[in-house]
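Colleague: Handing you this structure, nothing more for now.
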Amino acid sequence: MMSPKKIPLRMCLGCRTMKPKKELIRIVRTAEGDVEIDVTGKKSGRGAYVCSNSECVNRALKEGPLSKALNTTVTCELINKLKEEISRQ
């Protein structure tokens, strides 16, 4: 008998809860230093995850956990761009 496939879990930076990877939005810092949303979940680079609800997104972006997780400074203009992209999804 085969065991069921294990579902990968990731922690949301906003609410700090573990959720299946597919339910979260991945934000990645590429090797060039660009921060962008990874819709495929497969881009190479340092990644961080956030829930798709606006409360979690705001908490992760405002309070600094995103900057810490990506080891880079996240600018206000970048935060606004990420919020726009997330709201479109």
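The values are calculated or read from the model by the stated rules, or taken from the named source; none is laboratory data. Everything numeric in this text was worked out from a predicted model, so none of it was measured. Note that we place each Cβ from the backbone using ideal geometry, even for glycine, and neighbour counts take in every protein chain shown.
Colleague: Scan the stretch 45-68 and tell me whether some residue there is in contact with a strand residue (DSSP E or B) (Cβ under 7 Å, 6 or more places away or on another chain), hydroxyl-bearing (Ser, Thr, Tyr), modelled with pLDDT of 85 or more and surrounded by 19 or more Cβ atoms within 10 Å (Cβ to Cβ).
Modeller: Yes, the stretch 45-68 has at least one match.
Colleague: Any residue at all in the stretch 53-60 that is assigned to a loop (DSSP other than H, G, I, E, B) and either at negative phi or without any contact (Cβ under 8 Å) to a residue 12 or more places away in the chain (or both)?
Modeller: Yes, the stretch 53-60 has at least one match.
Colleague: Gly47 - would you say it is under 23 Å from Arg88 (Cβ atoms) and assigned to a strand (DSSP E or B)? Let's see the steps before the verdict.
Modeller: On the way: under 23 Å from Arg88 (Cβ atoms): yes; assigned to a strand (DSSP E or B): yes.
Taking the combined requirement at face value, the residue satisfies it.
Colleague: Could you list, in sequence order, all residues of the stretch 69-89 that are more than 20 Å from Glu32 (Cβ to Cβ) and either without any contact (Cβ under 8 Å) to a residue 60 or more places away in the chain or surrounded by 14 or more Cβ atoms within 10 Å (Cβ to Cβ) (or both)?
Modeller: The first filter runs over the stretch 69-89 and keeps only residues more than 20 Å from Glu32 (Cβ to Cβ), leaving 76, 80, 83-84, 86-89.
Within the stretch 69-89, Cys76, Asn80, Lys83, Glu84, Ile86, Ser87, Arg88 meet the criteria.
Colleague: Specify the residue that is nearest to Ile79 (Cα to Cα); the eligible residues are those in the stretch 31-44 that are touching a residue at least 24 places away in the same chain (Cβ under 8 Å) and surrounded by fewer than 16 Cβ atoms within 10 Å (Cβ to Cβ).
Modeller: Only one residue tops the list, namely Gly33.
Colleague: Okay, moving on. When only residues in the stretch 31-44 that are of a type in the set (Val, Ile, Thr) and either modelled with pLDDT of 90 or more or in a strand (DSSP E or B) (or both) count, which is farthest from Glu85 (Cα to Cα)?
Modeller: Only one residue fits best here, namely Val35.
Colleague: Also, I was wondering about something else. Please state which one of Leu9, Leu13 is of a type in the set (A, V, I, L, M, F, W, C) and either surrounded by 14 or more Cβ atoms within 10 Å (Cβ to Cβ) or on the phi > 0 side of the Ramachandran plot (or both).
Modeller: Result of the check over Leu9, Leu13: Leu13.
Colleague: Can you tell me which residue is nearest to Thr75 (Cα to Cα) among those in the stretch 16-30 that are in contact with a strand residue (DSSP E or B) (Cβ under 9 Å, 6 or more places away or on another chain) and assigned to a loop (DSSP other than H, G, I, E, B)?
Modeller: Among residues in the stretch 16-30 that are in contact with a strand residue (DSSP E or B) (Cβ under 9 Å, 6 or more places away or on another chain) and assigned to a loop (DSSP other than H, G, I, E, B), the one nearest to Thr75 (Cα to Cα) is Thr30.
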